[in-house]
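Working notes, structure below.
The values are calculated or read from the model by the stated rules, or taken from the named source; none is laboratory data. No experiment lies behind these values; they were computed from the predicted model shown. Heads up, the Cβs are rebuilt from the backbone with ideal geometry, glycines too, and the neighbour counts pull from every protein chain shown.
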Amino acid sequence: MPEALPPIRSDLYAIFILLGAIQGVFLCYFFIINSRGKQFPNIFLGLLLLSMSLIMTDVWLGYTNYMFRVIWLVDSTEPVNLLLAPLTFLYIKTSINQQLKKSDLAHFSPFLVYFIYMCILIYPQSPEFKYNNNLGAFHPEMQRIAADVYGERWMFFLKRHLTDMTFISILFYDIATFIFLNKAFKKEGLSFFTLEKTSLSWYRKLHLQLLILVIVFFIVRLSFPHDLGDHIIAAFISLIIYTISISVFSKSMFFHETNVKTIKKYEKSSLTTELQNNTLRKLEEVMTAEKPFLDPGFSLPILAKRLGISTHHLSQILNEELGQSFFDFLAAYRITEAQKLLISEENNYIKIEEIAQMVGYNSKSAFNTAFRKITGSTPSEFKKQSVK
């Protein structure tokens, strides 16, 4: 290994990226500790922040030239590039749907395949090989050294195209997230581009940050050869982490409940006190007598139509008068009905999965999550306690 190494670089980029990485690790610990067992959204967000921190640390080491002091770490975080977009998508999806399917784990397949590939072909390579890789990324002007390399040239195809795979992954998931969020907004009777603050606003903001990351990634790769512009991408990722930090410290939507009960400020609303009182009375009558919430397809627009009111006004009433989003309002009625069924002796023979379907849930996991969120226990635990 050469004795003369490039000097350590320390500037605003280096400080900004390092502090962002440290903040990301801190937030990761905070989210996972507060995940309370099976709260998948917080776990996914924590892992997303950890992934960002690992990538930024790798870039920081290369940018500052500290990587020459820990040459064995060169390329160590490459598989993590394929985790950013899937983790963002799964965080948003599980936050809104309140469930995780086994099929969702398939989103981690590209990461696992590339990780295994790295373990077989790249990680065991010689220090000289890694030294040359570091030069190729951050110091293409420096002369390479002789290195023992095992493997045929074609075997390095995936590594040579990691940048392309990362770009495609982020772009693909950005499109998938937009489609998913657009459907969620429509389900609440709102436009994706609405200026109203809803429980979905935070997820839309995170999605837009991912979209901007795609643009930044594309521009940097066109403007800089090799990895010489990675510090700009890392700085933008740091900015995302700082944004999340501000949201956390301003006591937004985290750690207490996944779906925030945001009280909207309808300053220009045409909702009158009389219409509001009549709607609240009629709402109670419809939900109690007709039990429309038992229908799995029950939605805000359907309820608004049944009450003869706009979805905008109904959403305002739920938020301002009841302090609930539609999803929380719906879950409260469904879980109350489920509790009645669980303690009824006539229903002892009915499985919990069937009770979940009877009260409007299509999956047992979503039912269990909502039940625990409202009652503090699982349906099985609640049933056992009621027998005692």
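Details
- Some residue of the stretch 100-122 being among the polar types (S, T, N, Q), over 15 Å from the mean Cα position of the chain (by Cα) and not in a helix (DSSP H, G or I): no
- Evaluation of Ile240 against (1) in contact with a Lys or Arg (Cβ under 6 Å, 6 or more places away or on another chain); (2) modelled with pLDDT of 90 or more; (3) under 30 Å from Ile212 (Cβ atoms) (one fails), failing number: (1)
- Looking only at residues in the stretch 312-336 that are assigned to a loop (DSSP other than H, G, I, E, B) and out of contact with any Lys or Arg (no Cβ under 8 Å at 6 or more places or on another chain), the one that is nearest to Phe367 (Cα to Cα) is Leu322.
- Those residues of the stretch 324-340 which are surrounded by fewer than 19 Cβ atoms within 10 Å (Cβ to Cβ) and either over 18 Å from Thr375 (Cα atoms) or among the aliphatic types (A, V, I, L, M) (or both), in sequence order: Ala332
- Taken over the stretch 190-215, the criterion of being hydroxyl-bearing (Ser, Thr, Tyr) and not in a helix (DSSP H, G or I) is satisfied by Ser191, Thr194, Thr198, Ser199.
- Selection of the stretch 29-72 for residues being free of Cβ contacts under 8 Å to residues at least 24 places away in the same chain and either closer than 18 Å to Thr177 by Cα or of a type in the set (A, V, I, L, M) (or both) yields Ile32, Ile33, Ile43, Leu61, Val70.
- Of the criteria (1) of a type in the set (Phe, Trp, Tyr); (2) outside any helix (DSSP H, G or I); (3) closer than 30 Å to Ser325 by Cα, which one Tyr173 fails: (2)
- Just so you know, in the stretch 37-69 the residues that are polar (S, T, N, Q) and part of a helix (DSSP H, G or I) include one that is nearest to the chain's Cα centre (by Cα), and it is Asn42.
- For Thr369, the stated conditions do not hold, so it cannot be described as surrounded by fewer than 16 Cβ atoms within 10 Å (Cβ to Cβ) and part of a helix (DSSP H, G or I).
- Residues that are more than 20 Å from Ser199 (Cα to Cα), of a type in the set (A, V, I, L, M) and part of a helix (DSSP H, G or I) within the stretch 70-99 comprise Val70, Ile71, Leu73, Val80, Leu82, Leu84, Ala85, listed in sequence order.
- Of note, Glu346 does not satisfy the criterion of being modelled with pLDDT of 85 or more and either surrounded by fewer than 19 Cβ atoms within 10 Å (Cβ to Cβ) or part of a helix (DSSP H, G or I) (or both).
- Filtered by the rule that a residue be in contact with a Lys or Arg (Cβ under 8 Å, 6 or more places away or on another chain) and at pLDDT 85 or above, the stretch 186-215 gives a lone residue, Phe192.
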